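A quick write-up on the structure given underneath.
Laboratory data are not the source of any read-out in this text; all were calculated from the coordinates shown. These numbers come from a predicted model, not from an experiment. With ideal geometry, Cβ positions are generated from the backbone for all residues, glycine too; neighbour counts draw on all protein chains shown.
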Amino acid sequence: MRKRMVGLGLAVCMLAALVAGCGSGGQKTEKEAPKAASQEIVAYGVIDPQISAQQIIADKKGFFAAEGVKVTNKLIQSGGDISPLISGGTAQVSFETPYTDIAVAANNVGVKIVAPMADIGNTQAVVAGKNVTIQKAKDLEGKKIGIAAGAGVLIAIRNMCAELGVDINKIQFVILSPSDQIAALDRGDIDLMACWEPWVSNAVKAGGKLLFSGLNSYLPDKQGPVSWLSFYTTMQVTDQFLKEHPQEIQAMLRALKKATDFIHEHPDEAAEIIAKEINLDKEQVKKIMGQNKYSMQFDDHFKKSSDEMASFMKEMKNIPSKPEFKQYADPTLLKQALPELVTVAE
C-alpha cells in the first residue's frame with residue numbers, strides 16, 4: 001500500500017466517496033450543481049485500486065461530468081511521487097493518503113484534505129513464512145520481520161504488541177522492499193513480512209499465513225476485528241485551489257460520493273472498470289477492494305487516525321515537526337456539499 005509511504009508504507013489510500021447513496025440531500029445538491037467549469041481540472045492519483053478507485057469510477061461513469069466539472073485523471077505509478085508535485089504546485093488536486101499531506105504540511109506547504117476516501121487498514125498486514133509456526137502472539141518474540149523503511153504497518157505491530165503483551169524489543173526488524181520481503185520469506189531469511197497489498201496476497205499464495213492486519217486478527221489467541229491500524233486514502237487540494245475553486249471542489253465531492261455508492265452497489269462492475277484502467281486482473285482488484293472500507297465520513301476516527309500517523313512520522317524522524325490536524329485538513333467544503341458526512345468535533 002504504500003510503497004511510497006514507506007513512510008508509511010502501507011497503505012495507503014482513498015476514501016473516495018464512501019457513503020452509499022445520495023438521499024434527499026443529494027437531490028438538493030443536484031439542483032445546485034455548478035455549471036461546467038471553464039477549465040479542465042487535472043486530478044493526480046495512483047495506479048492503485050486502494051487510492052484512486054472513486055476517482056476512476058467518477059470519471060468513467062460520468063459522475064464528474066454530471067456535476068458540471070471537467071476532470072482529467074492523471075494516474076502515476078507511485079504515491080510517493082505525488083508529494084513533490086503538490087509542493088511544486090503541479091498537483092493542485094490529488095488522491096493519496098494523510099501521510100503525504102502531513103509530510104508536505106510539516107514542510108510548510110499549503111495543502112488540505114477535503115475528504116477521506118477509504119480506510120485501507122485491512123490491507124496492511126503481517127504474514128508468516130510457510131515453515132514458521134505461531135501458536136500465540138508471544139511467539140513473535142525472537143522472530144525476524146521484514147518491513148519497508150518507515151512503513152505505517154509498524155503502527156499495527158506496535159498496537160498488537162501493546163494489547164497482547166508482546167515485547168516489541170524482542171522482535172528483529174529487517175528493512176526490505178516489498179518484493180525483497182517476498183523473496184526473503186521464501187528463502188527463510190526472515191520469519192515474517194509486514195507489508196500491504198498486493199504483496200500480502202502474493203505472500204499468502206506462496207504458502208505464507210496471514211497473521212493479522214490493521215483491522216483483523218487471525219492469531220490463535222486473538223481472532224476477529226481489531227483497531228490496530230486505520231490507514232486512510234484521501235482527496236486533497238492546495239490552499240490556493242481551495243480558495244479559488246470552492247464550487248468545483250464541492251462538485252467533485254458530490255461526484256465522488258456517487259462513485260463511492262457505486263462501488264458498494266455494483267462491486268463487480270466497479271472492479272472491472274478499475275482493473276481495465278490500471279491494467280490489473282479483475283479478480284485481484286475485486287479482492288483488494290473487498291478488504292477496504294470505502295467511505296467519505298469525515299469523523300473523529302479519521303482525525304484520530306491522522307493524528308496517530310503524524311505522531312508516528314515525527315517519532316520516525318520522517319518530518320521535522322508534527323503539524324496540527326487543521327493545518328492539513330479542512331472539512332468545510334464537504335460539510336457544505338454533503339453535511340451528513342461531517343461529524344468530526346470542531
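Subtract the Cα-Cα distance of Ala65 and Asp180 from 0.36 nm times their separation in residues, and report this length gain in nm to one decimal. Don't skip to the answer; put the middle values down first.
On the way: separation 115, 0.36 × 115 = 41.40 nm, distance 4.25 nm.
Contour length minus Cα-Cα distance gives 37.2 nm.
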Q. Setting aside same-chain residues fewer than 8 positions from Lys70, which aspartates and glutamates have a Cα under 14 Å from its Cα?
A. Glu40, Asp59, Glu248
Q | Partner aspartates and glutamates for Lys144 [C-alpha distance under 16 Å; skip if fewer than 8 residues away on the same chain] | A | Asp167, Asp180, Asp186, Asp189, Asp191
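What number do you get for the chain when its Cα radius of gyration is normalised by 2.2 N^0.38 Å, N = residues?
Details: Rg = 19.6 Å, N = 346, 2.2 N^0.38 = 20.3 Å.
Normalised Cα radius of gyration, the chain: 0.96.
Which pairs, out of Lys243/Lys286; Lys209/Lys304; Lys209/Lys303; Lys287/Lys335; Lys74/Lys276, put more than 27 Å between their alpha-carbon atoms?
Lys243/Lys286; Lys209/Lys304; Lys209/Lys303; Lys287/Lys335
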Q) Simple spin-label model, 7 Å along Cα-to-Cβ: Val204 to Lys243 in nm? A) 4.7
Q.
Is the C-alpha gyration tensor of segment 123-225 telling us rounded, prolate or oblate? Criteria: a/c under 1.5 is rounded; beyond that, a/b larger than b/c is prolate, otherwise oblate.
A. rounded
Q.
I want to verify a result. In a Gaussian network model of the chain, Cα cutoff 10 Å, which of these has the top mean-square fluctuation: Val285, Val93, Val132?
A. Val132
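Using r as the Cβ-Cβ distance of Val42 and Thr133, and R0 as 41 Å, what FRET efficiency do you calculate, to the nearest 0.05?
Numbers: r = 51 Å, r/R0 = 1.24.
Efficiency computed from Cβ-Cβ geometry: 0.20.
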Q. Put a dot 7 Å past each Cα toward the Cβ at Glu163 and Lys317; how far apart are the dots in nm?
A. 3.1
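For Lys287 and Glu324, calculate 0.36 nm times their separation in residues minus their Cα-Cα distance, and state this gained length in nm to one decimal.
Numbers: separation 37, 0.36 × 37 = 13.32 nm, distance 3.51 nm.
Taking 0.36 nm per residue and subtracting the Cα distance, the gain is 9.8 nm.
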Q: Using all C-alpha to C-alpha distances in segment 114-175, build P(r) with 5 Å bins and read off the rounded percent in each one.
A: 3, 15, 26, 25, 17, 6, 4, 3, 1, 0
Q. So if we plug the beta-carbon distance of Asp221 and Glu308 into 1/(1 + (r/R0)^6) with R0 = 22 Å, what FRET efficiency do we get, rounded to 0.05?
A. 0.35
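May I ask you to compute the full-extension gain from Lys170 to Ser78, defined as 0.36 nm times their residue separation minus their alpha-carbon distance, rounded to one decimal in nm? Each step should come with its number before you reach the end.
On the way: separation 92, 0.36 × 92 = 33.12 nm, distance 3.29 nm.
Stretched fully, the Lys170-Ser78 segment lengthens by 29.8 nm.
If you keep only loop residues by DSSP, which trypsin sites (Lys or Arg not before Pro) in segment 259-318 have at most 14 other Cβ atoms within 10 Å of their Cβ? Each step should come with its number before you reach the end.
Values: sites: Lys276, Lys282, Lys286, Lys287, Lys293, Lys303, Lys304, Lys314, Lys317; in loops: Lys317.
Sparse-neighbourhood loop trypsin sites (Lys or Arg not before Pro): Lys317.
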Q. Among Ala148, Phe63, Gln39, whose Cα lies farthest out toward the positive end of the dipole of the chain, if unit charges sit on the beta carbon of Lys, Arg (+1) and Asp, Glu (-1)?
A. Ala148
